[in-house]
1. May I ask for the equivalent-ellipsoid semi-axes of the chain, computed as the square root of five times each C-alpha gyration tensor eigenvalue and listed largest first in whole Å?
2. Enter the angle in degrees (range 0 to 90, nearest 10) between the Cα long axis of helix 3-19 and the first principal axis of the Cα atoms of the chain, meaning the one along which they spread out most.
3. If you average the sequence gap of Cα pairs under 8 Å that are 6 or more apart and divide by the length of the chain, what percent do you get for the contact order?
4. Mind checking which of Val79, Val113, Val138 has the largest fluctuation in a GNM of the chain, springs on alpha carbons under 10 Å?
5. To the nearest 10 degrees, how steep is helix 49-59 against the longest Cα principal axis of the chain, on a 0 to 90 scale?
6. Give me a comma-separated list of calculated 3J(HN,Hα) values for segment 115-121, in order, Karplus coefficients 6.51, -1.76, 1.60 applied at θ = phi - 60°, integers in Hz, x for any Gly or Pro.
7. Roll a 1.4 Å probe over the protein heavy atoms and report the accessible area of Leu126 in Å², nearest 10.
8. Two decimals, Cα atoms only, Kirkwood Rh: what is Rg/Rh over segment 84-185?
Amino acid sequence: MSEAIQQIAERLRGLRDVLGISVEEMAEVCRLTPEEYLRLESGTADISIDMLHTIARKYGVEPITLMFGDEPKMSTYFVTRSGRGASVERTKAYKYQSLAAGFLSRRADPFMVTVHPKPEGTPIFLNRHTGQEYNYVVSGRMLLQINGKDLILEAGDSIYFNSDLPHGMKALDGEEVRFLAIIIP
């Protein structure tokens, strides 16, 4: 796994230790078995942005703190210049760039997401999280699967959906896709 995932894993372990949370409780919050959760903390399993949001909401921390290790400080406004948002490449398939990392107590989390193409036949990784999500495709074409329904979105298309349903995306045409994702808890 990448160094970024190792750092997130360390922050998860640190949060659990500081708050005195058992592995079993954290696993339950994440809808995982304790063994699956421990793989997250060891950095040997991918940690979804959605799971980080779930943990952050439950324990009153900013998701950005878990992702990037920085505490938001701004409460009036926060500017993210082009290409300068805090980013993490969780896997070789996805890169998340936070567009509001420095704003304290956000009611939504906007990200610029880049999805790299995968070999044909690679299954779509599905995740789910409480709340809702808005996606606006900036460039490329992608397959977005929501609750078993396949939707093709291309540049200029957008979708708003119930993110508690299993969902995942895949880049099409052998090219990367960039889209704005806004997660609303």
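1. 26, 20, 15
2. 40
3. About 18 percent, as a whole number.
4. Its mean-square fluctuation being the largest, the pick is Val79.
5. 30
6. Here the 3J(HN,Hα) series is 10, 8, x, 10, x, 3, x Hz.
7. Near enough 70 Å² of accessible area.
8. Taking Rg over the Kirkwood Rh, I get 0.95.
The values are calculated or read from the model by the stated rules, or taken from the named source; none is laboratory data. Only a predicted model underlies this, so the values are computations on that prediction, with no experimental measurement involved. Please note: Cβ atoms are built from the backbone with ideal geometry, for glycine as well, and neighbour counts cover all protein chains shown. For the accessible areas, the whole protein counts, side chains as well, though only heavy atoms, and no ligand, DNA or RNA atoms are used. Shrake-Rupley method; radii C 1.70, N 1.55, O 1.52, S 1.80 Å.
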